[in-house]
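Enquirer: The structure under discussion is supplied below as structure tokens; questions concerning it will follow.
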Amino acid sequence: MSTRVLVCGLEHVGFEVAKILALKGVPLGLYDTHTSNPNTDHFPGDGVPQLRAPALAAFFQSLTGSTPSVVPNLSIATLQPFSTIVLSDLSLVDDMEQFDANLREVGKQLVIADCFGLFGRIFVDVGKRFEVRNMEALTGQQTEAIANIATALYPPEITTVVPHGFHTGDLVSFVSVKGVSELNGQPPVPVTVLNADVFTVPIDLRTHGTYACDGYAVRHPKTAVLCMDSLAQQRSKPRLSLAGAAPQADEEGVATGTSSPDVRATVLHLCFLAIDQARAKGQPLTGAIDAVVALNSGLDPAVRLSQEALEAHMELIDQFEAAANGGALVPLAALVGALAAKEVVKIVHREGMPLSQWLYFSASELAPGPTFEPTPTREAALLGPACASDLANMNVGLLGSGELATEVLKNLALMRVATGSGRIHLMDGARVVPPAFDIKSCDALFVAPGTPDQPRVEAVARSQRWLRDVHVQTTPHDVCAPWLVAHADLISFLGQFMGYNEVHYPDEALAPLHVLVHVPAVPTFDSRSYAEIRAVSCRKSLVEAAVPTPGSATVQLLVPHLTPANGSSERRRERGMPCERENFPYLIDHTIYWAINQAAEAFEVLPGQANQYLTAPAKLQEQLFRQAPGDKRALVATLRRSLCPPASFADCVAFARRLFEDWFVTRVRKLLDLNPAGTPFWKPPKRAPTLPVFDPTNEWHATFILRAATAYAQIYNLPVTGSPNSIEVARQAQGCDVPAAPSGSPAASEKDLDTDAWLADWRALPAPGSFPSGFALCPVPVEAPELHAHNRRMMELVTAAANIRAASYGIPPATYALVQVCQPRVDEEVTPPCSMQHLGASMPPPDPLTATATAGLACLELVKLVKHMGSRDPATLDPAAVAALFPPANPLRKWTLALDKVDPTAACQCSPLEACPAPSPWNRVVIDLQKARDPPLTSRPPSQDPLVGEILDYVSERRHVNVSMLAYGRALLYTDFIDAAKQKVKRATRLTEMVTAITKEPLLPGTTYLDLEASATDADTDEDVEVPPLRVIIPKVPAAPTPADQA
């Protein structure tokens, strides 16, 4: 059966559909009788009007080597080679209902996708009989290795090596099972899931011997045969939904018996029927209200709207009429085109449940006010002259130059952003690497070929396919420098600005920008945190679009004083200050984030450092020179252990037992030893810990041992042997030797104080060349556990570690689900020492469908932001001024794309942005003691930075609090529980000296301030109070002297 797709209508939505399908290798046909408009079309031409279909066919042929056919008409004979018809311009067909009926008679599928102004729609009709071979759209059969089968039970309990991911009711068959070979070749049977690792099947194996080894459980896809209504039936009795609308009560209080999204979807359905009627007559839409009222009377009584419902939505109908004749909003057309292409792909491959049957899109919040007068430009007609002018004159900082960034830039160019006095600043450190650009990604449509090692921003800016009138400035800063990645743990959380960032995107470079758009090619926590840190530091609005995994994406905004940053009061309380998580947890969130960081360091970072020693020992040694002597020796000792592989799984169990002792006993004992006898130094809600005693029958202790041993074995590619039961493994661990925990106050050894003693340990390490060829460790990532089965085991390890620590501090335990929710928000992920260029090279480019939809959503939110804030610089506005620019019902949204979901209506969801609490990083306290004259606090010379004591006194006096802790990232600078002599020394120390001494890192030249975090109690009640982030102004750090200067 033919799988060719015919795209009819190549303006706006049709172009996006054709582009995506061409890049995905779907055989195409094109039909359009119109000539392109170089000023408004989604068309990569050279500015000369030309027939869309043949010109676009030639363009696709130059990119992919496959030439789409151009059809002359839409007769039945012409349509014969095609299985699916995509119609984005209904004016190309005389009678749509008859056209759909003809397609149904010959077994072809129809997809309608179009946009009018600020509104869009998708309709799908797969015909009278359509067989879906895989309802869940799996890429293939899911296969899970079997660890054990309890044949003595009925039904038999089957345990998999890793969490299986099955659901009750899934159909499973078995292959290669030894010992109970009767399972092999059985027809698929439904499973009943008992837990993440165990399921049962309705097969009696009690008389068939015992399980020996091996075997796989294979999940089979679910099939279905669908029958959908015709277009004529669906126009009068539609099954419809509204994209991104969450179920809620009808805000207008209309007694319709349906929720507000259903009513709005029905109103939009009537509006689109009205414009279909007008365009069939070759006329623009006029008198929309009268047309909608007349069409509503023809709807089936089950979906017909009441008079009250129509009256409540008159403004929406007026907005539709005003915008419908002005063209399509570019980012909305991109979103609709991407989701329509997704439906076409599902139909072509017969995988996944197709849309049933209407899906509507609305950006009515962008409509101009009632006093709006039509103007000749598309953007002014749709958004109003003021918003169009702001778009033309605004300065946008686009952080990134990958495939997603090029899609965003295309949308900005077609919306005529920066065509006036504004500029688009392209900022990225990536370079062109062969092959220069992937022909199956959005790069192929946008970027002119570049030369190897050329900055990508220059190659992007040279492209003339879209940027005819757009002013583009390139800034090839090396923001993704290997040094930044290797030390990414210093970027502790949003709002915690570090001086070295000025080297990459200095404040003066970001000052003229109105908004930042961050579209990272590799959306790691480090890259996302960096952009957010710079936005908070410079008080700039930030639009962030990220594609962390194929088929999924997120789009969210940060607006100064309006939305919370990750350093806001509530989120800082959830995470705790870094030093709180280490020593003073009092919330389960604190122990979860601590456990995630510990697991990442033990099973991901340390193996990565061992690999670096094997491949680039000189580079690792250079990094060690910047650390404290004790830290150097500890890392060298860890390297020595890492380079000695375990001989068996029993050795891995012994490692897990020692890890338990180190994490939960030794560290707590050291903390308790710091407490002077009889002197409590915890204040509620903080509490003192108790020492845990290892118990193999404790659920969390046993889970920790099993999962830690399994992860350690995975690092060295060792098979997991023995019983999969966690309690049995823990009992095995109970017999392992563990080092005795030290007691008493820790004292530094002579070796720790000797700055060169670590070199002897380093030289004693096995030489990299002494290992077998190809020897390397396999780091176990903790990130994104829901995407990989083996990472779900890591989340069980994290859950167990968090709960063991929580039990020591008297905190209620967490669930596995809670850890999964917290995990993506961890802000201190420690990245293995590798370059961002290497990370980018190892990741495939975003799927063109995902990139197109994500870029459309990002630009929609950008337009909403400009609609309300205009060209105002948020850095100059106070919280009240920002709040006054937005209506009480904030229209800004956080969007989540899940294009791999089975349910089509769940592919595009949104949620309101959180309100910004106070205090937050947006309203940080700036401390400049040189300018403090009320009263004068210091008479020190300008060349000296403030003392730690001066900062503590300033905060205490101005906010009437007692500062209990002062931290710089994860470095704890000051605590009030140390003895008086140590407090006196710390208070008399210069801030920069304290920071460099504790972090073991010099401040980079050009640093002019440091951002600190403080924990404090009320001076009268002694209760904990929130203190905003502190920015302390320091003298500018001078550049390091050159050899010539030293001479």
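Enquirer: I need a count of the residues in region 29-48 that are open to solvent by 40 Å² or more (accessible area, probe 1.4 Å), at pLDDT 80 or above and part of a loop (DSSP other than H, G, I, E, B).
Expert: 2
Enquirer: Taking region 204-213, which residues are in contact with a strand residue (DSSP E or B) (Cβ under 9 Å, 6 or more places away or on another chain) and over 21 Å from Pro190 (Cα atoms)?
Expert: Thr210, Ala212, Cys213
Enquirer: Taking Arg959 as the residue in question, decide whether it is farther than 22 Å from Leu671 by Cα, at pLDDT below 85 and of a type in the set (Lys, Arg).
Expert: yes
Enquirer: Still on this structure, please answer the following. Among the residues of region 204-240, which ones are within 11 Å of Val180 (Cβ to Cβ) and crowded, with 17+ Cβ neighbours inside 10 Å?
Expert: Listed by number, the residues that qualify are Leu205, Tyr211, Gly215.
Enquirer: Test Leu359 against the criterion of being in contact (Cβ under 8 Å) with a residue 12 or more places away in the chain, within 33 Å of the chain's Cα centre (by Cα) and not in a helix (DSSP H, G or I), and give yes or no.
Expert: Considered against the rule, which asks whether it is in contact (Cβ under 8 Å) with a residue 12 or more places away in the chain, within 33 Å of the chain's Cα centre (by Cα) and not in a helix (DSSP H, G or I), Leu359 comes out as yes.
Enquirer: From the list Ala386, Ala405, Ala418, which one is open to solvent by less than 30 Å² (accessible area, probe 1.4 Å), at pLDDT 80 or above and not in a loop (DSSP other than H, G, I, E, B)?
Expert: Ala405
Enquirer: Can you confirm whether region 847-861 contains a residue that is outside any helix (DSSP H, G or I), on the phi < 0 side of the Ramachandran plot and either surrounded by fewer than 22 Cβ atoms within 10 Å (Cβ to Cβ) or modelled with pLDDT under 80 (or both)?
Expert: No, every residue in region 847-861 fails to be outside any helix (DSSP H, G or I), on the phi < 0 side of the Ramachandran plot and either surrounded by fewer than 22 Cβ atoms within 10 Å (Cβ to Cβ) or modelled with pLDDT under 80 (or both).
Results for (1) surrounded by 13 or more Cβ atoms within 10 Å (Cβ to Cβ); (2) modelled with pLDDT of 85 or more; (3) of a type in the set (A, V, I, L, M); (4) touching a His at 6+ places or on another chain (Cβ under 8 Å), shown as yes or no for each residue.
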position: Ala18; (1), (2), (3), (4): yes, yes, yes, no
position: Pro27; (1), (2), (3), (4): yes, yes, no, no
position: Ala53; (1), (2), (3), (4): yes, yes, yes, no
position: Ser62; (1), (2), (3), (4): no, no, no, no
position: Pro68; (1), (2), (3), (4): yes, yes, no, no
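Enquirer: Out of region 604-613, which residues are within 18 Å of Gln714 (Cβ to Cβ) and either crowded, with 24+ Cβ neighbours inside 10 Å or in contact with a Pro (Cβ under 7 Å, 6 or more places away or on another chain) (or both)?
Expert: Within region 604-613, Glu604, Val605, Pro607, Gly608, Gln609 qualify.
Enquirer: Follow-up question, since we're still on this one. Please count how many residues of region 173-203 are over 21 Å from Lys222 (Cβ atoms), open to solvent by less than 10 Å² (accessible area, probe 1.4 Å) and out of contact with any helix residue (DSSP H, G or I) (no Cβ under 9 Å at 6 or more places or on another chain).
Expert: Within region 173-203, residues that are over 21 Å from Lys222 (Cβ atoms), open to solvent by less than 10 Å² (accessible area, probe 1.4 Å) and out of contact with any helix residue (DSSP H, G or I) (no Cβ under 9 Å at 6 or more places or on another chain) number 2.
Enquirer: Within the bounds of region 537-553, is there any residue that is farther than 28 Å from Leu339 by Cα and either of a type in the set (Asp, Glu) or modelled with pLDDT under 80 (or both)?
Expert: Yes, region 537-553 has at least one match.
The values are calculated or read from the model by the stated rules, or taken from the named source; none is laboratory data. This structure is a prediction, so every number in the text was calculated from the model and none was measured. Glycine also receives a Cβ, built like all others from the backbone with ideal geometry; neighbour counts cover every protein chain displayed. Keep in mind that these areas ignore ligands, DNA and RNA; they rest on the heavy atoms of the full protein, side chains included. Shrake-Rupley method; radii C 1.70, N 1.55, O 1.52, S 1.80 Å.
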